[in-house]
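All remarks here apply to the structure that follows.
The values are calculated or read from the model by the stated rules, or taken from the named source; none is laboratory data. Just so it is clear, the model here is predicted, and its values are computed rather than measured. All Cβ positions, glycine included, derive from the backbone under ideal geometry; neighbour counts span all protein chains shown.
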Amino acid sequence: MSDMSINSGVEKRFGAKLAYVRKSKKLSQMKLAEIVDMNFNYIGQIERGEANVTIKTMIALADALDVELNELFNFSF
């Protein structure tokens, strides 16, 4: 398995978990984007696993969702 496919898998799983947590908090992509001061299209890209997210962005998203960062990496949901 190449590094590219490993990264892609993690990004997709991270994005899916982000979407799951966001929806469980009854937040739209637009509202989450507003809270973290990002473009809502970028939130969509993250959730689809299309964006390479920085740690700083991950922390901002976790804070906005009121969860620990490691929760966004718990892919069993």
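Consider the stretch 35-49. How many of its residues are loosely packed, with under 14 Cβ neighbours inside 10 Å and among the charged types (D, E, K, R)?
Counting residues in the stretch 35-49 that are loosely packed, with under 14 Cβ neighbours inside 10 Å and among the charged types (D, E, K, R) gives 2.
Please determine, by comparing only the residues of the stretch 20-60 that are of a type in the set (D, E, K, R) and more than 10 Å from the chain's Cα centre (by Cα), which one is nearest to Val10 (Cα to Cα).
Selected residue: Glu50.
Suppose we keep only residues that are among the polar types (S, T, N, Q) and part of a helix (DSSP H, G or I) within the stretch 1-45. Which one would you say is modelled with the lowest pLDDT?
Restricting to residues being among the polar types (S, T, N, Q) and part of a helix (DSSP H, G or I), the top hit is Ser5.
Considering the stretch 15-32 alone, what residues qualify as being small (Gly, Ala, Ser) and crowded, with 19+ Cβ neighbours inside 10 Å?
Scanning the stretch 15-32 gives a single hit, Gly15.
Can you list residue pairs whose Cβ atoms sit under 9 Å apart, with the first residue in the stretch 61-76 being in contact (Cβ under 8 Å) with a residue 40 or more places away in the chain and over 17 Å from Val10 (Cα atoms) and the second being among the β-branched types (Val, Ile, Thr) and surrounded by 19 or more Cβ atoms within 10 Å (Cβ to Cβ)? Count only pairs 6 or more apart in sequence or on different chains.
Matching pairs, first to second residue: Leu65/Val21; Val67/Val21.
Show the residue pairs meeting these rules: Cβ distance below 6 Å; 6+ apart or different chains; first residue within the stretch 11-30 and closer than 13 Å to Phe77 by Cα; second residue among the basic types (Lys, Arg).
Hits for this filter: Gly15/Arg48.
So which residues in the stretch 38-56 are within 11 Å of Ala19 (Cα to Cα) and among the hydrophobic types (A, V, I, L, M, F, W, C), if there are any at all?
Residues satisfying the conditions are Ile43, Ile46.
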